[in-house]
Amino acid sequence: MSNISFSDREFKRISEIMYQAAGLSFNDSKKSLIQSRLLPRIQRIGAGSFAEYIAMLEDESQAAEFQMAVDLLTTNETYFFREPKHYELLEQELASRKSRAPLAVWSAASSFGDEAYSTAMLLADMQMQGRIGPDWSILATDISHRVLLSAKEAIYPQDRLRAVSPERLRRYCLRGDGDSEGQVLLQDKIRERVQFGRLNLCQPVDGIGPFDVIFLRNVLIYFDVPTKIEVVDRVLATLKPGGLFFLGTAEGRVACKTPLQTVQPGAFRKTA
Ligand SMILES: C[S@@+](CC[C@H](N)C(=O)[O-])C[C@H]1O[C@@H](n2cnc3c(N)ncnc32)[C@H](O)[C@@H]1O
């Protein structure tokens, strides 16, 4: 049993820090969640108390520890071709485009890269079939360095690719053997199409876009309503008029200022 206590004041301070720096919103019911996620970390690094840990989170020279806390307080759950209907819509939409103009896609809370690489597999297939031109690229960003490092390595447990067709597995993946049994490495022809970078959605977004397609799926859950609206409008400012915008199907519609038309659950078109 730990004798490290966690006062309401400490809970409030951690909530404030996470809200200001990463937009993460924790109401009073989340006190025990924060405690259970951070306590093992505090013990592992030998900090004597939550107060000591808070001082580390406030210290700009300890950015890596701040990152670690964000990671512990959010989830990076993702898998290939999550919400397949979104990829079906994207395929139909791109197939019906008259032009072979360059195509830019942004996976805006990419986690380990599954969403971005799934899109790359779809676009590589479409290019091979002559349904889109060769000039397409994908930007994948996340607040977490840890997931980005892993995404760049592009090695996954096989189970995460359970929704990838056998043809795509053959075409784009290498199965590990020996020590790497049960793991899959993505081939260079997919990896080289995705560029990864760190980006905090709660800060101004400069120098990227405009995009034809944006995925912002399963990240708004961490934000309160004003932050959701702010983040969605900020992200949509980089989407071309007529472009497709995806949220997690369960996330509903956000009352943003940017005009959107609903295309299917979790899929929207920017109308102006
Ligand atoms: C559940 S994953 C979503 C992955 C993928 N989009 C999907 O739907 O499968 C949520 C991701 O949001 C990231 N995240 C949380 N707050 C963020 C912020 N303020 N800016 C950018 N990314 C953030 C987390 O690091 C995590 O990797």
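The values are calculated or read from the model by the stated rules, or taken from the named source; none is laboratory data. Here the structure is a predicted model, which is why all the values come from computation and not from measurement. Positions of Cβ are backbone-derived with ideal geometry, glycine not excepted, and every protein chain shown enters the neighbour counts. Ligands, DNA and RNA are stripped out before the accessible areas are found, and what is left, the full protein with its side chains, is counted by its heavy atoms. Shrake-Rupley method; radii C 1.70, N 1.55, O 1.52, S 1.80 Å.
Numbers below:
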| quantity | calculated |
| --- | --- |
| Distance (nanometres) between label positions extended 7 Å along Cα→Cβ at SER61 and THR75 | 3.7 nm |
| Where the Cα pairs of the chain fall when distances are cut into 5 Å bins, in % | 1, 5, 12, 15, 16, 15, 12, 10, 7, 4, 2, 1, 0, 0 |
| Region 58-110: C-alpha gyration tensor shape, a/c 1.5 cut-off, then a/b vs b/c | oblate |
| R0 of 35 Å, Cβ-Cβ distance SER29-VAL263: FRET efficiency to nearest 0.05 | 0.50 |
| Built amide H within the under 5 Å cut-off of TRP106, gap 5+ | LEU139, VAL213, ILE214, PHE215 |
| Dipole magnitude of the chain, debye to nearest 20 (Cβ charges: Lys/Arg +1, Asp/Glu -1, about Cα centre) | 820 debye |
| Contour excess over end-to-end distance, with Cα ends at ARG146 and ASP188 and 0.36 nm allotted per residue | 13.0 nm |
| Pairwise FRET efficiency - ASP8 versus ARG44, Cβ, R0 = 22 Å, nearest 0.05 | 0.35 |
| FRET efficiency, 1/(1 + (r/R0)^6) with R0 30 Å, evaluated for ALA237 and SER96 via beta carbons | 0.75 |
| Helix axis angle, 225-236 relative to the chain longest principal axis, alpha carbon, degrees | 40 degrees |
| Beta bridge orientation in region 135-272: antiparallel %, DSSP, nearest 5 | 60 percent |
| Whole-number percent relative contact order across region 8-73, with pairs defined as alpha carbons under 8 Å at least 6 apart | 35 percent |
| Low-density loop positions, GluC sites (Glu not before Pro), region 1-110 - DSSP coil, at most 14 other Cβ in 10 Å | GLU77 |
| Relative packing of 197-205, 218-226, which averages over residues the other C-beta atoms within 10 Å, highest first | 218-226, 197-205 |
| Tilt relative to the chain, helix 8-22 - C-alpha long axis, 0 to 90 degrees, to 10 | 30 degrees |
| Sparse-neighbour loop sites [trypsin sites (Lys or Arg not before Pro); region 69-139; at most 15 other C-beta within 10 Å; DSSP] | ARG97, LYS98, ARG100, ARG131 |
| Relative contact order (percent, whole number), region 88-234, Cα cutoff 8 Å, 6+ residue spacing | 31 percent |
| Potential extension, SER36-ASN200 segment - 0.36 nm per residue separation minus Cα distance | 56.6 nm |
| Accessible surface, the chain, averaged per residue in Å² (probe 1.4 Å) | 49 Å² |
| Cα-based equivalent ellipsoid of region 67-188: semi-axis lengths in Å, sorted from largest, via gyration tensor | 26, 19, 12 |
| Dimensions (Å) - region 8-73, Cα atoms, principal axes, largest first | 27, 21, 20 |
| Alpha carbon centroid spacing (whole Å) that separates region 195-236 from region 100-172 | 18 Å |
| Label-point separation, GLN129 to ASP159 (7 Å along Cα→Cβ), nm | 3.1 nm |
